[in-house]
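Peer 1: For reference, the structure I am asking about is given below.
The values are calculated or read from the model by the stated rules, or taken from the named source; none is laboratory data. Bear in mind the structure is a predicted one, so any value in this text is a computation, not a measurement. Positions of Cβ are generated from backbone atoms using ideal geometry, with glycine treated the same way; all protein chains shown enter the neighbour counts. When the accessible area is computed, the model is the full protein with side chains, heavy atoms only, and any ligands, DNA or RNA have been set aside. Shrake-Rupley method; radii C 1.70, N 1.55, O 1.52, S 1.80 Å.
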Amino acid sequence: MLIREAGAGDWPRIWPVWHRIVAAGDTYTWDPGTPEEAARALWMSPAKRVYVAEDADGTLLGSAYLTPNYGGPAAHVCNAGFMVDPDRAGRGTGRALAEHVLAEAKAQGYRAMVFNAVVETNPAVRLWTSLGFTVLGTVPNAFDHPRDGLVGLHIMHRALQGATPLGPV
């Protein structure tokens, strides 16, 4: 698997995965009906470093982005988003992308990563906790899941360097 920084020409391959995942309405808080241009602005914005994971023949396996979560005195805290092609899930792509983005975040000088809204029923919660993220809190009944009804949104955190993890809030 090759993970590299994405270019503008990668969007046509990212879009079908992005659309399929967001349209499912079960893991992201973005509108499931988001049109392509708005989706591109969300995922490929200039403030974000975007990455793609490809297999040996160049097939897109997934994509991720890294971006500041806050500005000013809190600009050392980043955020990231991850999407793996559902047809290729369960093969380590999500973990590989996560490890790559965590290493990039450290290299770029971020001291912590925070996820603002992880759907508590998302299977990726297990991945994030295995990579050292902790749930700081959960906003109850904040997400209307298409199968599970109202579920919580976790706020998750991980220290990266030069900082100690936050305790329970």
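Peer 1: Among the residues of region 132-159, which ones are among the hydrophobic types (A, V, I, L, M, F, W, C), open to solvent by 20 Å² or more (accessible area, probe 1.4 Å) and in a loop (DSSP other than H, G, I, E, B)?
Peer 2: none
Here's the yes/no breakdown for (1) open to solvent by less than 40 Å² (accessible area, probe 1.4 Å); (2) among the aliphatic types (A, V, I, L, M):
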residue: R4; (1), (2): no, no
residue: A23; (1), (2): no, yes
residue: T34; (1), (2): yes, no
residue: E54; (1), (2): yes, no
residue: L60; (1), (2): yes, yes
residue: Y65; (1), (2): yes, no
residue: G71; (1), (2): no, no
residue: M83; (1), (2): yes, yes
residue: Y110; (1), (2): yes, no
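Peer 1: Residue check: is T27 among the polar types (S, T, N, Q) and exposed (fewer than 14 other Cβ atoms within 10 Å of the Cβ)? Before the answer, list the steps.
Peer 2: Values: among the polar types (S, T, N, Q): yes; exposed (fewer than 14 other Cβ atoms within 10 Å of the Cβ): no.
So T27 does not fit the description; no.
Peer 1: Give me a count of the residues in region 1-27 that are assigned to a loop (DSSP other than H, G, I, E, B) and either touching a residue at least 40 places away in the same chain (Cβ under 8 Å) or in contact with a strand residue (DSSP E or B) (Cβ under 8 Å, 6 or more places away or on another chain) (or both).
Peer 2: Taking region 1-27 first, the residues assigned to a loop (DSSP other than H, G, I, E, B) are 1, 6-7, 25-27.
After this cut, where a residue has to be either touching a residue at least 40 places away in the same chain (Cβ under 8 Å) or in contact with a strand residue (DSSP E or B) (Cβ under 8 Å, 6 or more places away or on another chain) (or both) as well, the list is 1, 6, 25-27.
Count: 5.
Peer 1: For V119, state whether it is surrounded by 12 or more Cβ atoms within 10 Å (Cβ to Cβ), under 24 Å from W18 (Cβ atoms) and at pLDDT 95 or above. Explain how you work it out, then say what you get.
Peer 2: Working: surrounded by 12 or more Cβ atoms within 10 Å (Cβ to Cβ): yes; under 24 Å from W18 (Cβ atoms): yes; at pLDDT 95 or above: yes.
For V119, the condition - surrounded by 12 or more Cβ atoms within 10 Å (Cβ to Cβ), under 24 Å from W18 (Cβ atoms) and at pLDDT 95 or above - is met.
Peer 1: Between A107, A80, A98, A142, which is more than 18 Å from A24 (Cα to Cα) and over 13 Å from the mean Cα position of the chain (by Cα)? Walk me through how you get there before you give the answer.
Peer 2: On the way: A80 fails: over 13 Å from the mean Cα position of the chain (by Cα); A98 fails: over 13 Å from the mean Cα position of the chain (by Cα); A142 fails: more than 18 Å from A24 (Cα to Cα).
Selected residue: A107, the only one of A107, A80, A98, A142 that is more than 18 Å from A24 (Cα to Cα) and over 13 Å from the mean Cα position of the chain (by Cα).
Peer 1: Further question on the same structure: Taking the residues in region 97-108 that are open to solvent by 30 Å² or more (accessible area, probe 1.4 Å) and of a type in the set (A, V, I, L, M, F, W, C) as candidates, determine which candidate is farthest from L2 (Cα to Cα). Give the steps one after another, and end with the answer.
Peer 2: If we filter region 97-108 for residues that are open to solvent by 30 Å² or more (accessible area, probe 1.4 Å), which is where we start, we get 99-100, 103-104, 106-108.
Retained after the next criterion (residues that are of a type in the set (A, V, I, L, M, F, W, C)): 103, 107.
Details: A103: 15, A107: 19 Å.
Here the answer is A107.
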